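Report on the following structure.
The values are calculated or read from the model by the stated rules, or taken from the named source; none is laboratory data. Since this is a predicted model, take the numbers as computed values, not measurements. As a convention, Cβ positions derive from the backbone with ideal geometry for all residues, glycine included, and neighbour counts pool all protein chains shown. When the accessible area is computed, the model is the full protein with side chains, heavy atoms only, and any ligands, DNA or RNA have been set aside. Shrake-Rupley method; radii C 1.70, N 1.55, O 1.52, S 1.80 Å.
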Amino acid sequence: MKPVDKKIYLASKSPRRRELLRQVGIDFELLLLRSDGPRGPDVTEEVNPGEAPLDYVARVALEKAKFAAGLVVQRRMAARPVLTADTTVTIDGAILGKPANPNEATAMLQQLSGRTHQVLTSIAVASGDFSAQITQVSDVRFGVLSPAAIAAYCASSEPYDKAGGYGIQGPAAIFIEHITGSHSGIMGLPIYETVQLLRQAGLPYP
């Protein structure tokens, strides 16, 4: 299935991913997957028993891409590649999801304080019989966080919709001492790798 134009489908609810695509001039249309409701999510984000963080994030991103590409065919939508992504934060081999409450957010930040953790963002592109994937890994080091700083941050709305309880593009930027890797990848969509995959899918990006 050849793309009909340079536009893509983005199967993600993340406003940060939308901002990053707009930043580099990639035109997209949202194709949102169901994440809850009586029938449950279209693609589960549950971690399988014994699943390593790298395997987990790659599996979820690819499953989302293949499911969304199937919707394009099923709904007879214009033939365009589907882009999906999944981001997770890991430290000591454990996956840190999105904290559900201040206690969870506090515990996560205490664990990250003064240490280096990894942010894994896996992106996948699917279109017809084509699918491809790249996982980008960045190291992020936090400075030592005082109890007062953690409490003030967790009293805000910032931690609760983000893996690991923070976003590099928000107030938590003051916690970050050093990064090695991709700034956009830590935000949730590594732009360099994204364009590589879209080229492979047949889009004529320079």
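At-a-glance table
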{"read-out": "Heavy-atom accessible area per residue - the chain, 1.4 Å, Å²", "value": "48"}
{"read-out": "From the C-alpha gyration tensor of the range 117-206, square roots of 5λ in Å", "value": "33, 13, 10"}
{"read-out": "In Hz, Karplus ³J(HN,Hα) per residue of the range 105-118 (6.51, -1.76, 1.60; θ = phi - 60°; x = Gly, Pro)", "value": "4, 4, 4, 5, 5, 5, 5, 7, 4, x, 9, 9, 10, 10"}
{"read-out": "Normalised per residue, the volume of the convex hull around the Cα set of the range 104-163 (Å³)", "value": "89"}
{"read-out": "Convex hull volume of the range 8-201 per residue (C-alpha atoms, cubic angstrom)", "value": "121"}
{"read-out": "27 Å Cα-Cα reach of LYS6 towards lysines, excluding residues that sit fewer than 8 places from it in its own chain", "value": "LYS64, LYS66"}
{"read-out": "Value of relative contact order over the chain, rounded to a whole percent, pairs C-alpha under 8 Å and six or more apart", "value": "22"}
{"read-out": "Among GLY165, GLY25, GLY143: highest mean-square fluctuation, GNM of the chain, C-alpha pairs under 10 Å", "value": "GLY25"}
{"read-out": "Carbon + sulfur, % of accessible area of the chain - ligands and nucleic acids excluded, 1.4 Å", "value": "52"}
{"read-out": "Label-point separation in nm, HIS183 to THR116, each point 7 Å along Cα→Cβ", "value": "2.0"}
{"read-out": "Average Cα contact separation per residue, the range 131-206, under 8 Å, 6 or more apart, as relative contact order %", "value": "40"}
{"read-out": "Under 13 Å, Cβ to Cβ, from GLN136 - net charge with Lys/Arg +1 and Asp/Glu -1", "value": "-3"}
{"read-out": "Formal net charge of residues neighbouring GLU51 (Cβ-Cβ distance under 15 Å; K, R +1; D, E -1)", "value": "-4"}
{"read-out": "Selection from VAL140, GLN74, PRO159, by position along the positive dipole direction of the range 8-201 (Cβ)", "value": "GLN74"}
{"read-out": "Cα centroid separation - the range 61-89 against the range 142-201, whole Å", "value": "24"}
{"read-out": "Sum of side-chain charges, MET108 neighbourhood, beta-carbon under 14 Å (Lys, Arg +1; Asp, Glu -1)", "value": "-1"}
